[in-house]
Amino acid sequence: MGLFDRRSGKGTPFDWLVVGLGNPGKEYARTRHNVGEECVQLLAQRHGSTLKGGRDQALVGETRFGTGIDAPRVVLAFPITFMNESGRAVAELIRRYQIESVDRLIVVHDELDLEPGVLKLKAGGGLAGHNGLRSITQHLKTQDYLRVRIGVGKPPNKERGASHVLTRVPARQREVLDQAVAEAADAVELIVSAGIDAAMQVVHGR
């Protein structure tokens with residue numbers, strides 16, 4: 001039985017799992033590497049949920065995107081394992097919430113290869129050297145999950161790569177990233193409501 005096969009268990013399976021990547025701890029808050037976390041926190045606020053600690057090495061919120069009994073049931077999560085071990089939490093969440101397919105997993109993350117504030121969507125594909133994506137792929141044995149990529153720009157040189165993503169952002173660029181985080185949350189909602197292809201047409205057509 002594969003990771004994405006339905007399993008018997010308590011409760012009704014959830015429709016979607018949305019994971020925002022980042023590092024735990026106040027020292028990493030509002031850094032470029034944590035824009036994924038900011039996105040899921042914003043989605044939780046929008047949909048009346050709160051991310052709380054649980055047993056799956058993640059802060060987790062359960063909600064619906066919309067009203068009525070047919071509104072999609074969505075799990076919002078921020079792994080607290082540090083970025084390079086994100087896959088451990090994601091695999092556990094998929095099992096517990098009985099997520100049925102890899103295309104029902106949305107990962108929101110920072111992207112060095114995009115200019116600050118640029119937003120792109122992707123279904124599967126390469127990992128672009130991202131440690132969080134690498135960990136998720138290793139644990140799921142697939143890289144065909146959906147990604148919402150928030151551009152944070154490249155560091156001035158390779159030697160400054162870590163400090164680029166792990167230090168606080170200048171105020172002017174922080175405003176750009178805040179707007180991108182809001183647009184990323186919009187994109188997640190659009191994927192859930194209309195599918196990845198329709199969401200790509202909207203986001204990439206701007």
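For region 29-47, give me the residue count where each residue is closer than 25 Å to K154 by Cβ and surrounded by fewer than 19 Cβ atoms within 10 Å (Cβ to Cβ). Final tally of qualifying residues: 2. Selection over region 52-74 of residues that are touching a helix residue (DSSP H, G or I) at 6+ places or on another chain (Cβ under 7 Å), part of a loop (DSSP other than H, G, I, E, B) and under 15 Å from V90 (Cα atoms) gives a count of 2. Taken as a whole, the condition of being over 15 Å from H109 (Cβ atoms) and touching a residue at least 12 places away in the same chain (Cβ under 8 Å) does not apply to H33. Every condition in (1) touching a residue at least 60 places away in the same chain (Cβ under 8 Å); (2) in contact with a strand residue (DSSP E or B) (Cβ under 7 Å, 6 or more places away or on another chain); (3) within 25 Å of S135 (Cβ to Cβ) is met by G53 except one, and the failing one is (1).
Which residue out of Q45, Q57 is out of contact with any His (no Cβ under 6 Å at 6 or more places or on another chain) and closer than 22 Å to L190 by Cα? Matching residue, one of Q45, Q57: Q45.
Evaluate the following for L59: is it crowded, with 17+ Cβ neighbours inside 10 Å, farther than 11 Å from L17 by Cα and either touching a Pro at 6+ places or on another chain (Cβ under 8 Å) or at pLDDT 95 or above (or both)? Yes; evaluated as a whole, the condition is true for this residue. Of the residues in region 166-206, how many are acidic (D, E) and closer than 17 Å to H109 by Cβ? Selection size over region 166-206: 3. Within region 75-84, the residues that satisfy the criterion of being part of a strand (DSSP E or B) and aliphatic (A, V, I, L, M) are V75, L76, A77.
The values are calculated or read from the model by the stated rules, or taken from the named source; none is laboratory data. Predicted model, so just to flag it, every value in this text is computed and none were measured. Positions of Cβ are generated from backbone atoms using ideal geometry, with glycine treated the same way; all protein chains shown enter the neighbour counts.
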